Amino acid sequence: MSFILDLLNLAVYLPFFKPDEEDISRNITTLKRYEWFKGYYQNEQYAQLIIHNNKVRKMLGSFNTKRIANPKYQSFYKKKIDKVSRKQLKTI
């Protein structure tokens, strides 16, 4: 019974863990240090998505800032950015 109550409690607080504008800006600033991310900014379509598209921005804000420096995570984040951005470009 306690486990069920814990799950319900978590469900109530889960919406509050969404990335805010501060998280998004911090992660974009951190990512701008890397050449592969600068390539996205040089592409006009991707730059517009990063600046204006809510789904892409929330995804960027959800990244763990401490892990961005790790090459393994950079590869994962790069694939994730590419996947979400391509999907959003198709909907435009």
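What figure, in Å² to the nearest 10, do you get for the accessible area of Lys18 with a 1.4 Å probe and non-protein molecules left out?
130
From the cross-link list Lys66/Lys90; Lys58/Lys80; Lys32/Lys80; Lys55/Lys87; Lys18/Lys38; Lys18/Lys72, which pairs have alpha carbons spaced over 22 Å apart?
Lys66/Lys90; Lys18/Lys38; Lys18/Lys72
Suppose R0 equals 25 Å; then what is the FRET efficiency for Ala47 and Phe76 from their Cβ-Cβ distance, rounded to the nearest 0.05?
Computed FRET efficiency for Ala47 and Phe76 comes out at 0.70.
What per residue convex hull volume, in Å³, comes out for region 14-92 when only alpha-carbon positions are used?
Taking the convex hull of the Cα positions in region 14-92, it is 93 Å³ per residue.
If you stretched the chain out fully between Glu35 and Asn54, how much longer would it get, using 0.36 nm times the residue separation minus the C-alpha to C-alpha distance?
Value of the extension gain: 4.5 nm.
Among the aspartates and glutamates, which have Cα under 20 Å from the Cα of Lys78 when same-chain residues fewer than 8 positions away are ignored?
Excluding near neighbours in sequence, the set is Asp23, Glu35, Glu44.
The values are calculated or read from the model by the stated rules, or taken from the named source; none is laboratory data. Bear in mind the structure is a predicted one, so any value in this text is a computation, not a measurement. Ideal geometry is used to build each Cβ from the backbone, glycine not excepted, and the neighbour counts take in all protein chains shown. Ligands, DNA and RNA are stripped out before the accessible areas are found, and what is left, the full protein with its side chains, is counted by its heavy atoms. Shrake-Rupley method; radii C 1.70, N 1.55, O 1.52, S 1.80 Å.
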